[in-house]
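Below is one structure, written out as structure tokens; the observations come after it.
The values are calculated or read from the model by the stated rules, or taken from the named source; none is laboratory data. Just so it is clear, the structure is predicted and the values come from calculations on it, not from any experiment. Every residue, glycine as well, gets a Cβ built from its backbone with ideal geometry; the counts of neighbours run over all protein chains shown.
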Amino acid sequence: MLAVTSREPLKVWVGQGASVKRVTLGEETQVGRTVPAYVLDAVGLADGRVLACVGPTRAPEEGPPRRARLVVLDDDAMDLDAAEEIAVPEATRVRWPGGIWAEGEVPWPEDEAEEDDEPTLLDALAVAVPLRDGAASYDPVTCSQNEHGIALAGAYAGLVVALPPGGGRPEFALRVPTQRDNTEIHATRTAAGVLVVICVERQLAAIVHLGPDGKVLAHRDKIGKDAAWGLGPPVVQGDKVLLFEAGNGGGERLHELSLADLKVTKSVEGAGKQRGELSATTGPGGAPVLLGLGDTAYVVERGGRGRVTLKALEAPAPPPPKPLPRTGPARAVGTPSLALAGPGEPRTWTIAAGETLKVKIPFTNHGGPGKGLAIEVSGPALTAGLVKPERATLGDVELPLEMKGAAARAELPDFAVPPGLLERGPKNSPLPDPAAMQARLELAGAKAGSGVLTVRLIPLGTPGGRGSVLQGKSLTVT
């Protein structure tokens, strides 16, 4: 996320480079238009405008250099042609106090240019570099905002630009050393000037506090006896500075420094490893700070007696999926109400003694969904001993029919009874139900005789067997 442009509703710029989009967050996330430029970094201003460092998305190999511009534009209009361009004042070259580079090897782009090289644009935060496909690439630009103002830093020429709170005309500009292609520069405003962190190849690093005239107010390139290594963006909170250090070979720590002299007053271990670009919010005073390490983030809070704690930020649970629009007929609610799905064949049951009678009973449900079903066999033919119940099958589940008093019963407590259809067909006829089910029973013929045999299907969990369905037929055993 690059910039928050509105809080009610919450609107943000999300993405990087030529793929930054305007997104509205709420009950429903709305992805808006792509910003029509290559966005190096941006911050939202309080009035719905955005301060952004932008450049062209294409960079022809021929022609003058295409520099990135510092502009203020209306987030709703998104018209770069109508954007207010911020002129960068002439920058003061800082006298580097030491660290990272050996004495006499401090890199300044204008001093290291070869005879055939294009001259460095010392007042540019970034300049487009053409890729093979004609797309533009840029050295990184970072932007931060706090109660003291806004600061931008570009690795192209080491340019640091300081603006007042809320944007407006820059108050001053400075230049610090830089090695193109492998330098990260972070800057943040202070009441006395600007705090700058320089990190080369995510390794050797230094932090320096500079006044508007480039005077070095404080400087640090070592943590204890070791060289500062992999420093991230600084966060100013009152007279303290919070600063992440990746460490040489691990040992990630969060340091608290005194802003006056940049001495380390406290170090906290427990931060995760850096796996991407570092980022940090700028909460004022003792407000929580969000520290981003690429694919992980931590909330930094201050407790009693100046204690600093790190807590890993958990990603919020995804919202429940929206119910899919109904594509079939409406279904009933309430308790199940079973019904026969046909008269069944044959009209009477006939079997020889010693053989197996196989009964099929198709049924459906006209009521709401249910769970569990009982199959009960009874009637004079059973009590007279004409047949012996053996088993019942529903779907892939097969159970024995067990005698309980004058009836045989099997229960399937996990059987799902789908809800019935509410809609009707022509002349109020029921629609064909794809969810029609079938109960299958097997009974062995025991002795000759005739009588009525009944089979009842009963939804479990309904009072008094309500919603059941009964089929009875004459049974003859020869």
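Counting only residues that are within 20 Å of residue 126 (Cβ to Cβ) and free of Cβ contacts under 8 Å to residues at least 60 places away in the same chain, which one in segment 35-47 is surrounded by the most Cβ atoms within 10 Å (Cβ to Cβ)? Outline the logic, then answer.
Start the filter on segment 35-47 by keeping residues that are within 20 Å of residue 126 (Cβ to Cβ), which leaves 35-43.
From what is left, the residues that are free of Cβ contacts under 8 Å to residues at least 60 places away in the same chain are 35-37, 39.
Working: 35: 23, 36: 14, 37: 23, 39: 25.
In this case the residue turns out to be 39.
Taking residue 93 and the conditions (1) within 20 Å of residue 122 (Cβ to Cβ); (2) modelled with pLDDT under 90; (3) surrounded by fewer than 19 Cβ atoms within 10 Å (Cβ to Cβ), which numbered condition does it fall short on, given that it satisfies the others?
(2)
Which of the numbered conditions does residue 400 fail, given that it passes all the others? Conditions: (1) free of Cβ contacts under 8 Å to residues at least 24 places away in the same chain; (2) within 15 Å of residue 459 (Cα to Cα).
Looking at each condition in turn, residue 400 falls short on (2).
Applying the selection to segment 1-34, what residues are of a type in the set (Lys, Arg) and loosely packed, with under 12 Cβ neighbours inside 10 Å?
7, 33
So that you can scan it fast, the table gives a plain yes or no per residue for (1) in a loop (DSSP other than H, G, I, E, B); (2) more than 19 Å from residue 180 (Cβ to Cβ):
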| position | (1), (2) |
| --- | --- |
| 50 | no, yes |
| 61 | yes, no |
| 78 | yes, yes |
| 96 | yes, no |
| 103 | yes, yes |
| 117 | yes, no |
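For segment 419-434, which positions are part of a loop (DSSP other than H, G, I, E, B), surrounded by fewer than 13 Cβ atoms within 10 Å (Cβ to Cβ) and at pLDDT below 60?
Correct list: 425, 429, 432, 434.
Sort out which residues of segment 246-266 are touching a Leu at 6+ places or on another chain (Cβ under 7 Å), of a type outside the set (Lys, Arg) and touching a residue at least 40 places away in the same chain (Cβ under 8 Å), and write them in order of number.
Scanning segment 246-266 gives 254, 256, 257, 264.
Do we find a residue being assigned to a strand (DSSP E or B), assigned by TED's automatic domain parsing to the domain that holds residue 413, within 46 Å of the chain's Cα centre (by Cα) and of a type outside the set (Gly, Ala, Ser) anywhere in segment 381-390?
no
If you go through segment 285-296 one residue at a time, do you hit one that is within 19 Å of the chain's Cα centre (by Cα) and modelled with pLDDT under 80?
yes
Please specify each residue of segment 353-379 satisfying the condition of being within 27 Å of residue 449 (Cα to Cα) and part of a strand (DSSP E or B).
356, 357, 358, 359, 360, 361, 362, 375, 376, 377, 378
Only residues that are in contact with a Pro (Cβ under 9 Å, 6 or more places away or on another chain) and at pLDDT below 80: list them for segment 332-365, please.
342, 344
Within segment 67-90, can you find the residues that are touching a helix residue (DSSP H, G or I) at 6+ places or on another chain (Cβ under 9 Å) and surrounded by fewer than 17 Cβ atoms within 10 Å (Cβ to Cβ)?
Within segment 67-90, just 74 meets the criteria.
Looking at (1) assigned to a loop (DSSP other than H, G, I, E, B); (2) of a type outside the set (D, E, K, R); (3) closer than 18 Å to residue 236 by Cβ, which is the one condition that is false for residue 318?
If we test residue 318 against (1) assigned to a loop (DSSP other than H, G, I, E, B); (2) of a type outside the set (D, E, K, R); (3) closer than 18 Å to residue 236 by Cβ, just (3) comes out false.
If you take the residues in segment 1-31 that are of a type in the set (Gly, Ala, Ser) and in a strand (DSSP E or B), which one is modelled with the lowest pLDDT?
Filtering segment 1-31 for residues that are of a type in the set (Gly, Ala, Ser) and in a strand (DSSP E or B), the one modelled with the lowest pLDDT comes out as 6.
Please specify each residue of segment 265-296 satisfying the condition of being in a strand (DSSP E or B) and buried (at least 18 other Cβ atoms within 10 Å of the Cβ). Show your work before the answer.
Quick first cut of segment 265-296, residues in a strand (DSSP E or B) only: 265-269, 279-280, 289-292.
Selection gives 279, 280, 289, 291, 292.
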